[in-house]
2 protein chains.
Amino acid sequence: MGQKSFLYETVSEQLREQILRRSYVQGEKLPSTRKLSLLFGVSINTILQCFRQLEAEGLVKASPRSGVFVTGPSRSRDMAEVTPLFPMLPVEVSLSERILEYMKPHIDHSVVPFGIALPAPEIMPVNQVAQAFRDVLRSAPQEAWGYTHPHGQERLTRQLARRSMNYPVPIAEQDIVVSNGCMEAMELALRAVTRRGDTVAIESPTYYGALLALEVMGRKALQIPTTMDSGVSLQALEQALRHGQVTACLFSTNAQNPLGFTMDDQKKQRLVKLLARHQVPMIENDIWGDTVYKGSALPAKAFDEEGLVIYCNSFSKSLMPGLRIGWTVPGRFHRRVLELKQVSSITTATPPQMLMGRLLETGYYQRHLQTLRVSLENQTARSVTLVEEHFPPRTRVVPPTGGCVLWLSLPESVDAEELFHRALSQGIHIFPGTVFSPGRRHHNCIRINAGTPLTRPIEQSIAKLGELTRQLSGN
Amino acid sequence: MGQKSFLYETVSEQLREQILRRSYVQGEKLPSTRKLSLLFGVSINTILQCFRQLEAEGLVKASPRSGVFVTGPSRSRDMAEVTPLFPMLPVEVSLSERILEYMKPHIDHSVVPFGIALPAPEIMPVNQVAQAFRDVLRSAPQEAWGYTHPHGQERLTRQLARRSMNYPVPIAEQDIVVSNGCMEAMELALRAVTRRGDTVAIESPTYYGALLALEVMGRKALQIPTTMDSGVSLQALEQALRHGQVTACLFSTNAQNPLGFTMDDQKKQRLVKLLARHQVPMIENDIWGDTVYKGSALPAKAFDEEGLVIYCNSFSKSLMPGLRIGWTVPGRFHRRVLELKQVSSITTATPPQMLMGRLLETGYYQRHLQTLRVSLENQTARSVTLVEEHFPPRTRVVPPTGGCVLWLSLPESVDAEELFHRALSQGIHIFPGTVFSPGRRHHNCIRINAGTPLTRPIEQSIAKLGELTRQLSGN
């Protein structure tokens, strides 16, 4: 593309592209004639000619003295209508297609948010945390500017280490690697201890994000039976370990998502010992641990004498999701995880680390947790009552021990995916049980987020869901 | 570990661990007696007994009415002395050991920072950006709280798309995926288009972080000859492509690190056409593109009609490293990259995205670049003059076209690794040429960061380096 073609038609075409592909949308002002003339290396007259052309096409309108504004195409033109520039490549996917479909309604703020598992901002200290963030930036702008060590900022890692004060096997500052949320922690862990084609033992049902990770990374999943009343079956796990099928495990011992089950300390210890006997590492997803309101929230890591547990956690569920601050304690895999972290993102952003360091140092976070646990326990208990009231017989629900989701086992005849669609058409977003395991298990189960305060419309939505379930169950 | 063992000795042992492993350091206050009694589930008396024990050991001191403070071990006890909890696992490493060794002096703030390539905070708008960050948090705390879409916040991606206004092949908002810095962008790209064992063509010399990534991910590197005067050899590349040895390329076309070379538009187009002919994707690391002060800073991506270029960039070099905001434009690999991003870190932190969106929207970033380019051009030009003045004959240096590093080819007899050690003993941190390629090439080259304003001590350090080089060259 030589200098010659950069004339009137070319520049018009470029501007048209910017508008049609929504880099500039209706009502926005285009750069000035002078700026565009410099950018494209053409005369002011050429730019004016382009504007006239685009105006004739109904895409822009010149407003005397204030500039040229985009007038079309109308906002109703959806992003999806834009033709992709390139043919999309086929990739190996199976579950992820479905998961993404079921996640999608979340972005619509008008739906009832029973989908994504998250305490609502209404019960969170949004303004106070923003204020603390501003204080941190005001008091130490220089510190916020630069990189931190790849393993994280000392002020934060020291505070994270102190959380292990009462662990039988405590954690030291230098054992910790700060990550971009719990997801990066788990992903680094998976890459550190498994390879493509390896098998990872998971709970069934389990967090769909873990399943996505296994799929995208080409790891196989071995489903260990897991129940609302007793968690993951150690007997089944032992069998799998004895057969040497398992390269690593990926479990949650506290307020397991989606079941809301917390193992007692004895079971946690038995699990860790079992793994030690077979020398199989376990990735522990403890993202809901800080929300546990019933039972002991010590993680399995607290009993890990051999360094086989790779502990993963973040503040995304217990405080601020947008912060993306998590951490991992990789035990004997520390060096490999740190290496992977360095080439994944070098280090985690500094200002959010400083904020979390501050909130832990001052005890603010710990005080917040006390309030949060009370809110979540009340909301989940009230939601359980409403489910029992409105859902058909043979619906089973157990009050969770932490977190903010309810796992509902519906009558066998109910197709949860069908229920998802019917609920969505009524403006209610839920997750069908089938996304919590590979291969469409739990087809008659759903997960409901109870992170939102139970206002009248929320209560009515639970009743509505119960009614839809009744219809589907033939009751 | 039953309830019984959680008594005086156990609790003392736990507290001792916390102090010896530096979760609490000298001068810091331990939690209150009441808090510890709750945490460990033992009586207040037991905690007091523990304090007496630790005081006898010289680790803490009780101060009436204010609490119990850590008094030992002394601060001189280095982290390195702490025995690691677990035996370290052997991992496949070769270059990374050396690179980490050569990076290490960077954390010592007293060394002359000729090592890491970075404009010094002194020439950056640290306070203004912190102020803008606080404004963003003040005006939209709710927005800052939650997750953004995995591909990034629309306000930012739209601004990023507009940067391509004058590209022959422009970029649309939905082509972009926001990342945790340029490193995550490149890592996602590498994972999207290559597998373990595949070969990636790289410049020689190239950015050591790229080499680390290849090593940690088990990819092989094919070194394409690259010179200060003409950049990467397209002839050599074509030969490699014809032999089908190459799965992907990883190049920088603007202010290449470490050579500081920028391809002209014609060469960029020839490169893109060559890749298209062989249908081989290229990962373009454009992290220095915004700093180019001589030549055209259009990236190769600007000419990419087939979607084979995976563009990677960030604001870490041109603005704020601690922000960790980068992005990628993966062309036809968009879907795979987005999938990998979702399971790597779900999405990038919201507040830093909002800040960059704001700084682009207001034109602040673009204005800042104009100032930055002038500073960098002056600093590098002046540094080149000083090198020519102080280094021995047969030293070769070419003024870079952007960025802030000088690549020095020293007389053949000079061992750059030896020079690194001698310079460090004088408090000067440089990078030896051997870290910029696998297999100890460029043994007589060094890279110098010229990002720091040329104060008298900095100038003297260049002179000192020249003197050390003379000694090593026998001149």
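Within the range A:426-442, residues that are free of Cβ contacts under 8 Å to residues at least 60 places away in the same chain reach partners that are crowded, with 22+ Cβ neighbours inside 10 Å with beta carbons closer than 6 Å, at six or more positions or on different chains, in the pairs A:R440/A:T434. Within the bounds of the range A:159-167, is there any residue that is closer than 14 Å to B:G146 by Cβ and at pLDDT below 95? Checking the range A:159-167: not a single residue is closer than 14 Å to B:G146 by Cβ and at pLDDT below 95. The single condition from (1) within 20 Å of B:T401 (Cβ to Cβ); (2) within 14 Å of another protein chain (Cβ to nearest Cβ) that B:G322 fails is (1). Confirm whether A:V216 is in contact (Cβ under 8 Å) with a residue 12 or more places away in the chain, within 30 Å of B:F333 (Cα to Cα) and within 23 Å of the chain's Cα centre (by Cα). Considered against the rule, which asks whether it is in contact (Cβ under 8 Å) with a residue 12 or more places away in the chain, within 30 Å of B:F333 (Cα to Cα) and within 23 Å of the chain's Cα centre (by Cα), A:V216 comes out as yes.
For the range B:360-379, the set of residues classified as aliphatic (A, V, I, L, M) and within 22 Å of the chain's Cα centre (by Cα) consists of B:L369, B:L372, B:L376, listed by residue number.
Suppose we keep only residues that are in a helix (DSSP H, G or I) and free of Cβ contacts under 8 Å to residues at least 40 places away in the same chain within the range A:48-75. Which one would you say is surrounded by the most Cβ atoms within 10 Å (Cβ to Cβ)? Looking at residues that are in a helix (DSSP H, G or I) and free of Cβ contacts under 8 Å to residues at least 40 places away in the same chain, I get A:F51. Looking at this structure, is B:A213 of a type outside the set (D, E, K, R) and within 30 Å of A:S37 (Cβ to Cβ)? Spelling it out, it is not the case that B:A213 is of a type outside the set (D, E, K, R) and within 30 Å of A:S37 (Cβ to Cβ).
Put simply, of B:T452, B:T434 the only residue that is part of a loop (DSSP other than H, G, I, E, B), in contact with a strand residue (DSSP E or B) (Cβ under 9 Å, 6 or more places away or on another chain) and on the phi < 0 side of the Ramachandran plot is B:T452. Checked against (1) within 13 Å of chain B (Cβ to nearest Cβ); (2) more than 29 Å from A:E143 (Cβ to Cβ); (3) in a helix (DSSP H, G or I); (4) without any contact (Cβ under 8 Å) to a residue 40 or more places away in the chain, A:V384 passes all but a single condition, namely (1). For the range A:145-180, filtered to residues that are within 28 Å of B:V42 (Cβ to Cβ), among the aliphatic types (A, V, I, L, M) and more than 7 Å from every other protein chain (Cβ to nearest Cβ), the residue that is surrounded by the most Cβ atoms within 10 Å (Cβ to Cβ) is A:I171. Evaluation of B:L259 against the conditions (1) without any contact (Cβ under 8 Å) to a residue 60 or more places away in the chain; (2) buried (at least 23 other Cβ atoms within 10 Å of the Cβ) shows that the sole unmet condition is (1). Does A:L468 satisfy the criteria of being without any contact (Cβ under 8 Å) to a residue 60 or more places away in the chain and assigned to a helix (DSSP H, G or I)? So A:L468 fits the description; yes. Given the structure, is A:A120 in contact with a Ser or Thr (Cβ under 9 Å, 6 or more places away or on another chain) and surrounded by fewer than 20 Cβ atoms within 10 Å (Cβ to Cβ)? Yes, satisfied. The requirement of being surrounded by 16 or more Cβ atoms within 10 Å (Cβ to Cβ) and closer than 22 Å to A:E101 by Cβ is fulfilled somewhere in the range A:183-196, by at least one residue.
Entry remark, the range A:154-168: residues being within 26 Å of the chain's Cα centre (by Cα) and hydroxyl-bearing (S, T, Y) number 2 in total.
The single condition from (1) touching a Leu at 6+ places or on another chain (Cβ under 9 Å); (2) within 7 Å of another protein chain (Cβ to nearest Cβ) that B:L188 fails is (2).
Conditions tested, residue by residue: (1) touching a strand residue (DSSP E or B) at 6+ places or on another chain (Cβ under 9 Å); (2) at negative phi; (3) at pLDDT 95 or above.
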residue	(1), (2), (3)
A:A172	no, yes, no
A:N180	yes, yes, yes
A:A213	yes, yes, no
A:V216	no, yes, no
A:Q223	yes, yes, no
A:S233	yes, yes, no
A:A240	yes, yes, no
A:Q245	yes, yes, no
A:T262	yes, yes, yes
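Inspection of the range A:186-205 finds a residue satisfying the criterion of being modelled with pLDDT of 90 or more, in a helix (DSSP H, G or I), charged (D, E, K, R) and not assigned by TED's automatic domain parsing to the domain that holds A:G433. Taking the criterion of being more than 9 Å from every other protein chain (Cβ to nearest Cβ), surrounded by 24 or more Cβ atoms within 10 Å (Cβ to Cβ), in a strand (DSSP E or B) and in contact (Cβ under 8 Å) with a residue 60 or more places away in the chain, would at least one residue in the range A:230-245 satisfy it? Checked the range A:230-245: no residue is more than 9 Å from every other protein chain (Cβ to nearest Cβ), surrounded by 24 or more Cβ atoms within 10 Å (Cβ to Cβ), in a strand (DSSP E or B) and in contact (Cβ under 8 Å) with a residue 60 or more places away in the chain.
Which residue, of B:L369, B:L376, B:L319, is assigned to a helix (DSSP H, G or I) and surrounded by 23 or more Cβ atoms within 10 Å (Cβ to Cβ)? Within the list B:L369, B:L376, B:L319, the selection yields B:L376.
Just so you know, in the range B:325-343 the residues that are in a helix (DSSP H, G or I) and under 27 Å from B:A140 (Cα atoms) include one that is nearest to the other protein chains (Cβ to nearest Cβ), and it is B:Q342. Checking the condition surrounded by fewer than 24 Cβ atoms within 10 Å (Cβ to Cβ), among the aliphatic types (A, V, I, L, M) and in contact (Cβ under 8 Å) with a residue 40 or more places away in the chain, which residue from A:L359, A:L308, A:L338 passes? Being surrounded by fewer than 24 Cβ atoms within 10 Å (Cβ to Cβ), among the aliphatic types (A, V, I, L, M) and in contact (Cβ under 8 Å) with a residue 40 or more places away in the chain holds for just one of A:L359, A:L308, A:L338, which is A:L338. Would you check if there is a residue in the range B:388-397 being assigned to a loop (DSSP other than H, G, I, E, B), in contact with a strand residue (DSSP E or B) (Cβ under 8 Å, 6 or more places away or on another chain) and farther than 23 Å from B:V193 by Cβ? Scanning the range B:388-397 turns up at least one residue that is assigned to a loop (DSSP other than H, G, I, E, B), in contact with a strand residue (DSSP E or B) (Cβ under 8 Å, 6 or more places away or on another chain) and farther than 23 Å from B:V193 by Cβ.
Determine whether the range B:384-398 contains at least one residue that is buried (at least 22 other Cβ atoms within 10 Å of the Cβ), outside the structural domain of B:T291 (by TED's automatic domain parsing) and within 21 Å of the chain's Cα centre (by Cα). Scanning the range B:384-398, I find no residue that is buried (at least 22 other Cβ atoms within 10 Å of the Cβ), outside the structural domain of B:T291 (by TED's automatic domain parsing) and within 21 Å of the chain's Cα centre (by Cα), so the answer is no.
The values are calculated or read from the model by the stated rules, or taken from the named source; none is laboratory data. Keep in mind it's a predicted model, so treat the numbers as computed, not measured. In this analysis, Cβ positions are derived from the backbone assuming ideal geometry, glycine residues included, and neighbour counts consider all displayed protein chains.
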